[in-house]
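K.L.:
Can you read through this structure? Questions will come right after.
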Amino acid sequence: MTTASDPQAGRLFAALPTQDAPAMARLHERLVDEAQREGVLDLAYRTMDTPVGRLLLASTVQGLVKVAFAIQDHDAVLRRLADDVSPRILEAPARLDEVSRQLEEYFAGRRTRFDLPLDWRLSKGFRREVLTHLREIGYGRTESYAQVAAAAGSPRAVRAVGTACATNPLPLVVPCHRVVRSDGSAGGYAGGPDAKLTLLAMERAA
Amino acid sequence: MRRPFEQIVAEYGPMVLRVCRAVLGPQDAEDAWSETFVSALKAYPDLPPDANVEAWLVTIAHRRSVDVTRAAARRPTPVETLPERPGVTGRPEDWDGDLWRALKALPARQRQAVAYHYLAGLPYKEIAALCGGSTDAARRAAADGIKTLRGTYPRLTDQSGVAR
């Protein structure tokens, strides 16, 4: 980034490191603390490794707002969050400690439901109604898209249920993986078909 | 389309730290950096999407560093009685004390012009807008600063020509 219009001037600042990782780590931590204290950290995020790949977890002050799989491209997801929620985004793992703890328990087979504050702002209208219903499908059980449509009060809206599941901003925590096709096959999933099969097999085995 | 602020910190944080260190020295640089990025985070949603982020951050850093300098001037100065030594904060990553001693001896305008041009890459026109005065005056301040540093900063006269 140095303008080397004068090579001697460039040499002059050689003693001043262009990258100082320990200092940046310290300053980043301080920035997160001060941003939280001043109430200007609108979105905190972290990543965690799981049996279905690396997950991105993002939280507003209201609660968990987004869970994204690696195949959804975390950078792209963060850019969309910057547009849809706020660009005041920092990597702040501590604010997601409770979320990652409960997910770890879930993947270890020690947790069958999540008890977390959720921010539903990325889901609206009928889709949100569908997702709200999904929380009632218990661990290890499944429902067909048609059953979910009927439960949401619109038995003919099977396709819309499919869209609601596909665009679920909070997969895993809102268990859209428990919605399967009427013929028993798994159907699509934001995390990819393999991730869905992994989750269904894991819940059946527990 | 605005990038997540985390990316702004990752991309420009190290540059702003160098500027703060060159303008304020090791002791006050991190306070100025912190204040700069908290202010920037607050204002970030209102930044025009086509804005020059580098110039925007240096502008904030300049204002913060002026505040930090004023606050330091109001502080009692027991520092004067301490022996000058490198690594004032005792942190191993603290940069060369000789360079800061040489920079500190420059008039503030020259130190700012040198840092904003050579470390942040700002054109003299923008430095003039930031610090006041004409574009030519900013260019002269930077040139005078570099000229003085050549005489006062020993490493520059190192004949090996190898920057460590």
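The values are calculated or read from the model by the stated rules, or taken from the named source; none is laboratory data. Note that this is a predicted model, so its numbers are computed, not measured. All Cβ positions, glycine included, derive from the backbone under ideal geometry; neighbour counts span all protein chains shown.
K.L.:
For a quick check of your reading: which strands (runs of 3 or more DSSP E) sit entirely within the stretch A:19-74 and have at least 1 residues that are surrounded by fewer than 19 Cβ atoms within 10 Å (Cβ to Cβ) and within 14 Å of chain B (Cβ to nearest Cβ)? Give the derivation first.
P.N.:
Working: elements: A:43-50, A:53-59, A:64-69.
Filter on the stretch A:19-74 gives A:43-50.
K.L.:
Just need a number here: residues in the stretch A:143-171 that are out of contact with any strand residue (DSSP E or B) (no Cβ under 6 Å at 6 or more places or on another chain), under 22 Å from residue A:45 (Cβ atoms) and surrounded by 22 or more Cβ atoms within 10 Å (Cβ to Cβ).
P.N.:
The qualifying residues number 1.
K.L.:
Can you name every residue in the stretch B:95-125 that is surrounded by 24 or more Cβ atoms within 10 Å (Cβ to Cβ) and without any contact (Cβ under 8 Å) to a residue 40 or more places away in the chain?
P.N.:
Within the stretch B:95-125, B:113, B:117, B:118 qualify.
K.L.:
Further question on the same structure: Which count do you get for residues in the stretch A:149-206 that are among the aliphatic types (A, V, I, L, M) and touching a His at 6+ places or on another chain (Cβ under 6 Å)?
P.N.:
3
K.L.:
Would you check if residue A:94 is part of a helix (DSSP H, G or I), surrounded by fewer than 16 Cβ atoms within 10 Å (Cβ to Cβ) and not hydroxyl-bearing (Ser, Thr, Tyr)?
P.N.:
When the stated conditions are applied, residue A:94 passes them.
K.L.:
Another question, if that's okay. Out of all the residues in the stretch A:63-76, is one or more over 14 Å from the mean Cα position of the chain (by Cα) and not assigned by TED's automatic domain parsing to the domain that holds residue A:199? Please lay out each step first, then the result.
P.N.:
Keep residues of the stretch A:63-76 that are over 14 Å from the mean Cα position of the chain (by Cα), which gives none.
Looking for residues that are over 14 Å from the mean Cα position of the chain (by Cα) and not assigned by TED's automatic domain parsing to the domain that holds residue A:199, one finds none in the stretch A:63-76, hence no.
Results for (1) outside any helix (DSSP H, G or I); (2) within 13 Å of chain A (Cβ to nearest Cβ); (3) surrounded by fewer than 17 Cβ atoms within 10 Å (Cβ to Cβ), shown as yes or no for each residue.
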{"position": "B:3", "(1), (2), (3)": "yes, yes, no"}
{"position": "B:22", "(1), (2), (3)": "no, yes, no"}
{"position": "B:28", "(1), (2), (3)": "no, no, no"}
{"position": "B:35", "(1), (2), (3)": "no, yes, no"}
{"position": "B:42", "(1), (2), (3)": "no, yes, yes"}
{"position": "B:49", "(1), (2), (3)": "yes, yes, yes"}
{"position": "B:54", "(1), (2), (3)": "no, yes, no"}
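K.L.:
Okay, next question. Scan the stretch A:98-117 and tell me whether some residue there is buried (at least 16 other Cβ atoms within 10 Å of the Cβ) and in contact with a His (Cβ under 7 Å, 6 or more places away or on another chain).
P.N.:
No: zero hits.
K.L.:
Among the residues that make up the stretch A:88-98, is at least one of them among the hydrophobic types (A, V, I, L, M, F, W, C), in contact with a Lys or Arg (Cβ under 8 Å, 6 or more places away or on another chain), within 20 Å of residue A:78 (Cα to Cα) and not assigned by TED's automatic domain parsing to the domain that holds residue A:180?
P.N.:
Applying the first criterion (among the hydrophobic types (A, V, I, L, M, F, W, C)) to the stretch A:88-98 yields A:89-90, A:92, A:94, A:96.
Then drop every residue that is not in contact with a Lys or Arg (Cβ under 8 Å, 6 or more places away or on another chain), which leaves A:92, A:96.
Narrowing the set further to residues that are within 20 Å of residue A:78 (Cα to Cα) leaves A:92, A:96.
From what's left, not assigned by TED's automatic domain parsing to the domain that holds residue A:180: A:92, A:96.
Checked the stretch A:88-98: at least one residue is among the hydrophobic types (A, V, I, L, M, F, W, C), in contact with a Lys or Arg (Cβ under 8 Å, 6 or more places away or on another chain), within 20 Å of residue A:78 (Cα to Cα) and not assigned by TED's automatic domain parsing to the domain that holds residue A:180.
K.L.:
Consider the stretch B:116-139. How many of its residues are of a type in the set (Asp, Glu) and under 21 Å from residue B:12 (Cα atoms)?
P.N.:
Here the count works out to 1.
K.L.:
Counting only residues that are under 22 Å from residue A:192 (Cβ atoms) and not hydrophobic (A, V, I, L, M, F, W, C), which one in the stretch A:75-97 is nearest to the other protein chains (Cβ to nearest Cβ)? Please lay out each step first, then the result.
P.N.:
Initial filter on the stretch A:75-97 (under 22 Å from residue A:192 (Cβ atoms)): A:75-81.
Narrowing the set further to residues that are not hydrophobic (A, V, I, L, M, F, W, C) leaves A:75, A:79-80.
Values: A:75: 9, A:79: 7, A:80: 10 Å.
So the residue we want is A:79.
K.L.:
Out of the stretch B:5-20, which residues are within 7 Å of chain A (Cβ to nearest Cβ) and in contact (Cβ under 8 Å) with a residue 12 or more places away in the chain?
P.N.:
B:5, B:9, B:13, B:15, B:17, B:18
K.L.:
Looking only at residues in the stretch A:172-183 that are in contact with a strand residue (DSSP E or B) (Cβ under 7 Å, 6 or more places away or on another chain) and not in a loop (DSSP other than H, G, I, E, B), which one is surrounded by the most Cβ atoms within 10 Å (Cβ to Cβ)?
P.N.:
A:179
K.L.:
Those residues that are in contact with an Asp or Glu (Cβ under 8 Å, 6 or more places away or on another chain) and charged (D, E, K, R), I need them from the stretch A:6-29; list them, please.
P.N.:
A:20, A:26
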